[in-house]
1. Kindly state which helices (runs of 4 or more DSSP H) lie completely within segment 1-63 and contain at least 1 residues that are without any contact (Cβ under 8 Å) to a residue 12 or more places away in the chain and either among the aliphatic types (A, V, I, L, M) or closer than 19 Å to L81 by Cα (or both).
2. Given the criterion surrounded by fewer than 16 Cβ atoms within 10 Å (Cβ to Cβ), at pLDDT 90 or above and not aromatic (F, W, Y), identify the matching residue among L142, L156.
3. Can you tell me which of V190, V136 is aliphatic (A, V, I, L, M), touching a Gly at 6+ places or on another chain (Cβ under 7 Å) and either farther than 21 Å from W16 by Cβ or not in a helix (DSSP H, G or I) (or both)?
4. Just give me the residues in segment 175-192 being of a type in the set (F, W, Y) and either under 17 Å from I73 (Cα atoms) or modelled with pLDDT under 85 (or both), in sequence order.
5. List, please: which pairs have Cβ atoms under 7 Å, are six or more places apart or on different chains, and start with a residue in segment 80-107 that is within 18 Å of P39 (Cβ to Cβ) and part of a helix (DSSP H, G or I) and end with one that is of a type in the set (V, I, T) and at pLDDT 85 or above?
Amino acid sequence: MEFLLLFTAFIIPFAWTPGPINVTLAAVGTASGFSKALPLILGINVAFLLQAIAMGLGLGKLFALYPLLYEIIRYTGALYLLYLAYKMLTLRIGSREIQLHFWNGMLLSLLNPKVYMTHIVMYAQFTLEGQTLSGVLLLSLLATGFFFIGNSGWCLFGATLRRFMENEVFFRLYKYFFALLLMGVAGYLVWS
């Protein structure tokens, strides 16, 4: 029970705060609604789970041996966020849905340095649990569960704004706001 409380206190700030994935999900939720964003959410979380397991089994050591690998992920992730911002800015009045699917979700997670940092810190904090395969699987599944809840919450938040999409002024504000957020997160990835 103590482990679960500690883990919950640890993982919620990582899973439920704004970042590349949650900002994207809020934007997609607003534009497309929650049900159409579910494949994207599933792709994100399948990749997150696979990343968590891989990091627990030693992938994190590659980042220590080859820091350039992390830098490549960081800059490629920033470029992908800029691409998503571009898609946001080019939304047209008649086509207000953002078409992102399962594979886009996987790519978004795989190119997100925050995900890798979450796993590195998670295994550093919970070293005892991360020493066995069953412990790695437990940590990975728990973290993925919390991230799924956080991702869904951000998407649902965006979906609550969807009813305002009929208003042209709101639509333009929404478009520029989320594009700027995505560009800001991309900039943060590059200059942090």
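The values are calculated or read from the model by the stated rules, or taken from the named source; none is laboratory data. Nothing here was measured: the structure is a model prediction, and the numbers come from that model. Ideal geometry is used to build each Cβ from the backbone, glycine not excepted, and the neighbour counts take in all protein chains shown.
1. Those helices (runs of 4 or more DSSP H) span 2-16, 34-54.
2. From the options L142, L156, the qualifying one is L156.
3. Of the residues listed, the single one that is aliphatic (A, V, I, L, M), touching a Gly at 6+ places or on another chain (Cβ under 7 Å) and either farther than 21 Å from W16 by Cβ or not in a helix (DSSP H, G or I) (or both) is V136.
4. Correct list: Y188, W191.
5. Sorted first by the residue in segment 80-107, then by its partner, the pairs are L84/T24; G105/I41; G105/I44; M106/V46.
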